[in-house]
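So the structure is just underneath, and the comments pick up after that.
The values are calculated or read from the model by the stated rules, or taken from the named source; none is laboratory data. Everything numeric here is computed off the predicted structure, so don't read it as measured data. We place every Cβ from the backbone using ideal geometry, glycine too, and count neighbours over all the protein chains shown. Quick note on the areas: whole protein, heavy atoms, side chains included, nothing else; ligands and nucleic acids left out. Shrake-Rupley method; radii C 1.70, N 1.55, O 1.52, S 1.80 Å.
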Amino acid sequence: MKLIAMALALVSIGPTSLFAADRVAERCTGTETVQVGTQPPQTLAYSLNFSADLVRKSYCYDKCRREQSYAISDATSNPMKLADLDRGGQTRRLTFDRDASVLTDYQVIAAGPVKVVRNASAKCRAAKFHQPPADAPADPK
């Protein structure tokens, strides 16, 4: 009888655990170094809230409106590559290490003669999940 009760308990939590693994919601805070042109770099506070749906391969910021939603570059890598792009004068590498709960955000924006370089690292903790919209942009690859 105890064996049946344990089996039912495991079956009842199994799908929930698998479903939870397909969703990530984090509130990340840390610091970023920002350098504009030839000016000395400055260290600033950094925060980013995001939700990721690994089945749909999309992620979003804050409240997850369409304009805040993007395709995940590589949901299977470790760390997970949320953004990995290099086009139109912009380079962005946004990764999330699920094991260490650390978000890394590296970005270069070249606007004419001025280049802005941002490099952030933030410790994350679980947050409320917001579903990325079904019409989130497709993977550009």
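So here's what we get for this one:
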item: Only Lys, Arg (+1) and Asp, Glu (-1) charged, at Cβ; the range 23-89 dipole about Cα centre in debye; result: 280
item: Relative contact order (percent, whole number), the range 52-106, Cα cutoff 8 Å, 6+ residue spacing; result: 21
item: Accessible surface ranking that places the most exposed of 86, 22 first, with a 1.4 angstrom probe; result: 86, 22
item: Surrounding net charge for residue 110, when Lys and Arg each add one and Asp and Glu each subtract one, Cβ distance under 13 Å; result: +3
item: Residue order for 50, 129 - accessible surface, 1.4 angstrom probe, largest first; result: 129, 50
item: Listed residues 94, 48 arranged by accessible area, highest first, probe 1.4 Å; result: 48, 94
